[in-house]
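Novice: My structure is below; once you've seen it, I'll send some questions.
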Ligand code: SF4
């Protein structure tokens, strides 16, 4: 599945002498959450200016490309605290350089930088209110509103100003705020986006880090401590690093806990722990449940067993769970690698007359023809969104002379856009909304059978994978939006209005 783009990845570290380098590695691990642009801001004392400053480097491109010069770390991004951001824009036009995060400002209470993962559903209202007061905006991103809310707060202390600001935010947000003496992590009260706290002692002193996913901790040798809880404002300062005791403030909750279930299906890496549980474990349970809902076709003893292939990489883990369970249930089948993914796909330049979407899929995937030829092929994908990738993959598999092609989807059909930080296509572009039934879609995809995981099956699988009693958002499958979206604004609407 590739029609939904991840939102953003955020990483921060406090009290580590090499904070910028650690953040660089953290962002590298989170690159899958955003590939358009990235940036790092550090906090350090400037000997010439005799005050604290926040040097920054931000640019379009991948982490490895933007931070390709070691001098950036040796001479520019100094300091023992840093925050970083990898971006896929969910709000604010993609081509606008001023939208690259982290944002930083200097105001009456000192320096302040912010890195934001999510989408504010009251962004338009906030922007209108500020515009009417004459506020000048530097960007078209909803993240800038957070800085304006803090800077215009009537509270005196910086921490109170931050609390004052975040209680006014609606929608999905995981934030890292860097001040002159603190790293502050905030997760919205629904807990839409994941955020975890880690401990790092690699530089010989106690440091703490915060990341969208724990795979960022593994890369730098930090250990997972716990999640930043939904609605928690977690303050990391020198005292916290010395004692291991954190000041934590709980924001009011109006809609309960609604963690994004799609993180377990597609967005997060399987080697990450989110919402307190490994993605690999939950994703395998999802595949297992799919085997109960829609196993492989049964074949005679004389026939070659069906082969099950995943759409790499995001479907690999669910496919393993699916195959293992199918076999346990007595279905003959074998896991095979029938599709190869090219990871080095940037912009695709096409020749006149070529179909852009088809070329994008062809650049990204190729078939292993010897594996597929004359076999009953069961393709497992994590989700179908626009349907164009699925249709083209089926075309390629048929061209490789598969005997039959069956499609299994490790999630329910996507019927509604996301307003909480994921870049989904519009309601009309979602493929299931263009057909009256799964059977009609099956015909369009040109497959012998098509089955989705049921919503109850998904909920059951996630519950078995993660015993926590905290709730999940499943609005893109059910249209049951946990936070009212009447006031919400999609990325397209927001970009159109403010870019
Ligand atoms: S609508 Fe879907 S993608 Fe968006 S937060 Fe809810 S579950 Fe996640």
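The values are calculated or read from the model by the stated rules, or taken from the named source; none is laboratory data. Here the structure is a predicted model, which is why all the values come from computation and not from measurement. Neighbour counts run over all protein chains shown; Cβ positions are idealised from the backbone, glycine included.
To keep it simple, each residue is scored yes or no on (1) away from the ligand (no atom under 16 Å from the Cβ); (2) assigned to a helix (DSSP H, G or I); (3) outside the structural domain of residue 345 (by TED's automatic domain parsing); (4) under 21 Å from the mean Cα position of the chain (by Cα).
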site: 378; (1), (2), (3), (4): yes, no, no, no
site: 407; (1), (2), (3), (4): yes, no, no, no
site: 420; (1), (2), (3), (4): no, no, no, yes
site: 428; (1), (2), (3), (4): yes, yes, no, no
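Novice: Continuing with this model, one more query. What's the total number of residues in segment 113-135 that are at positive phi and either crowded, with 18+ Cβ neighbours inside 10 Å or touching a residue at least 40 places away in the same chain (Cβ under 8 Å) (or both)?
Specialist: Pass one, segment 113-135, residues at positive phi: 118, 134.
Next, only the ones that are either crowded, with 18+ Cβ neighbours inside 10 Å or touching a residue at least 40 places away in the same chain (Cβ under 8 Å) (or both) stay: 118.
Going through segment 113-135 one residue at a time, the tally reaches 1.
Novice: Got at least one residue in segment 177-191 being surrounded by fewer than 18 Cβ atoms within 10 Å (Cβ to Cβ) and more than 21 Å from residue 237 (Cα to Cα)?
Specialist: No; the residues of segment 177-191 include none that is surrounded by fewer than 18 Cβ atoms within 10 Å (Cβ to Cβ) and more than 21 Å from residue 237 (Cα to Cα).
Novice: Which residue pairs have Cβ atoms under 7 Å apart, sit 6 or more places apart or on different chains, and have a first residue in segment 472-485 that is more than 14 Å from residue 430 (Cα to Cα) and a second that is near the ligand (Cβ under 9 Å from one of its atoms) and part of a strand (DSSP E or B)?
Specialist: So the pair list comes out as 472/259; 473/259; 473/260; 482/473.
Novice: In this structure, does residue 332 turn out to be modelled with pLDDT of 95 or more, part of a loop (DSSP other than H, G, I, E, B) and within 23 Å of residue 373 (Cα to Cα)?
Specialist: Answer is yes for this residue.
Novice: Taking residue 467 and the conditions (1) at pLDDT below 95; (2) under 29 Å from residue 408 (Cβ atoms); (3) out of contact with any strand residue (DSSP E or B) (no Cβ under 7 Å at 6 or more places or on another chain); (4) within 16 Å of the ligand (Cβ to nearest atom), which numbered condition does it fall short on, given that it satisfies the others?
Specialist: (4)
Novice: If you don't mind, another one. Pairs under 8 Å by beta carbon, first residue farther than 23 Å from residue 367 by Cβ in segment 287-309, partner surrounded by 15 or more Cβ atoms within 10 Å (Cβ to Cβ) and at pLDDT below 95, six or more apart or different chains?
Specialist: Close Cβ pairs satisfying both conditions: none exist.
Novice: Kindly provide the set of residues from segment 242-252 that are within 28 Å of the chain's Cα centre (by Cα) and surrounded by 11 or more Cβ atoms within 10 Å (Cβ to Cβ), ordered by number.
Specialist: Residues satisfying the conditions are 246, 247, 248, 249, 250, 251.
Novice: Could you say which residue among 131, 153, 189, 141 is more than 16 Å from the ligand (Cβ to nearest atom), at pLDDT 95 or above and assigned by TED's automatic domain parsing to the domain that holds residue 19? Show your work before the answer.
Specialist: Numbers: 131 fails: at pLDDT 95 or above; 189 fails: more than 16 Å from the ligand (Cβ to nearest atom); 141 fails: at pLDDT 95 or above.
Criteria check complete, one pass: 153.
Novice: Looking at segment 442-453, can you tell me whether even one residue there is closer than 21 Å to residue 286 by Cβ, surrounded by fewer than 20 Cβ atoms within 10 Å (Cβ to Cβ), more than 16 Å from the ligand (Cβ to nearest atom) and touching a residue at least 60 places away in the same chain (Cβ under 8 Å)?
Specialist: yes
Novice: Go through segment 10-31 and give me each residue that's touching a helix residue (DSSP H, G or I) at 6+ places or on another chain (Cβ under 8 Å) and either more than 21 Å from residue 228 (Cα to Cα) or surrounded by fewer than 24 Cβ atoms within 10 Å (Cβ to Cβ) (or both). I'd like the intermediate steps shown before the answer.
Specialist: Within segment 10-31, the subset touching a helix residue (DSSP H, G or I) at 6+ places or on another chain (Cβ under 8 Å) is 11-16, 18, 20-22, 24-31.
Within segment 10-31, 15, 18, 20, 21, 24, 25, 28, 31 meet the criteria.
Novice: Somewhere in segment 312-332, is a residue within 16 Å of the ligand (Cβ to nearest atom), buried (at least 16 other Cβ atoms within 10 Å of the Cβ) and under 24 Å from the mean Cα position of the chain (by Cα)?
Specialist: Yes, segment 312-332 contains at least one residue that is within 16 Å of the ligand (Cβ to nearest atom), buried (at least 16 other Cβ atoms within 10 Å of the Cβ) and under 24 Å from the mean Cα position of the chain (by Cα).
Novice: Got a sec? Which of 195, 177 is touching a helix residue (DSSP H, G or I) at 6+ places or on another chain (Cβ under 9 Å) and either in the same structural domain as residue 143 (by TED's automatic domain parsing) or under 27 Å from residue 457 (Cα atoms) (or both)? Can you show your working first?
Specialist: Numbers: 195 fails: touching a helix residue (DSSP H, G or I) at 6+ places or on another chain (Cβ under 9 Å).
Every option except 177 fails the conditions.
Novice: Just the residues that are away from the ligand (no atom under 16 Å from the Cβ), in contact (Cβ under 8 Å) with a residue 12 or more places away in the chain and in contact with a strand residue (DSSP E or B) (Cβ under 8 Å, 6 or more places away or on another chain), please, taken from segment 192-211. Walk me through how you get there before you give the answer.
Specialist: At the first step, the residues of segment 192-211 found to be away from the ligand (no atom under 16 Å from the Cβ) are 196-211.
If we keep only those that are in contact (Cβ under 8 Å) with a residue 12 or more places away in the chain too, we end up with 196-200, 202-203, 205-211.
If the condition is that a residue be away from the ligand (no atom under 16 Å from the Cβ), in contact (Cβ under 8 Å) with a residue 12 or more places away in the chain and in contact with a strand residue (DSSP E or B) (Cβ under 8 Å, 6 or more places away or on another chain), then 196, 197, 198, 199, 200, 206, 207, 208, 209, 210, 211 are the ones that fit.
Per-residue answers, yes or no, for (1) within 19 Å of residue 147 (Cα to Cα); (2) touching a residue at least 24 places away in the same chain (Cβ under 8 Å); (3) not in a strand (DSSP E or B):
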residue: 41; (1), (2), (3): yes, yes, no
residue: 58; (1), (2), (3): yes, yes, no
residue: 69; (1), (2), (3): no, no, yes
residue: 79; (1), (2), (3): no, yes, yes
residue: 98; (1), (2), (3): yes, yes, yes
residue: 105; (1), (2), (3): yes, yes, no
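Novice: Looking at the structure I just gave you, is residue 204 modelled with pLDDT under 95 and more than 30 Å from residue 483 (Cβ to Cβ)?
Specialist: yes
Novice: Restricting attention to segment 394-405, and to residues there that are assigned to a helix (DSSP H, G or I) and out of contact with any helix residue (DSSP H, G or I) (no Cβ under 7 Å at 6 or more places or on another chain), which single residue is surrounded by the most Cβ atoms within 10 Å (Cβ to Cβ)?
Specialist: Going through the qualifying residues, I end up with 396.
Novice: Within segment 274-287, how many residues are within 21 Å of residue 228 (Cα to Cα) and in contact with a helix residue (DSSP H, G or I) (Cβ under 7 Å, 6 or more places away or on another chain)? Before the answer, list the steps.
Specialist: First, pick out the residues of segment 274-287 that are within 21 Å of residue 228 (Cα to Cα): 274-282.
Narrowing the set further to residues that are in contact with a helix residue (DSSP H, G or I) (Cβ under 7 Å, 6 or more places away or on another chain) leaves 274, 277, 279-282.
Residues in segment 274-287 being within 21 Å of residue 228 (Cα to Cα) and in contact with a helix residue (DSSP H, G or I) (Cβ under 7 Å, 6 or more places away or on another chain): 6 in total.
Novice: Name the single residue that is nearest to the ligand (Cβ to nearest atom) among those in segment 277-300 being over 23 Å from residue 454 (Cβ atoms) and surrounded by fewer than 16 Cβ atoms within 10 Å (Cβ to Cβ).
Specialist: The extreme case among them is 299.
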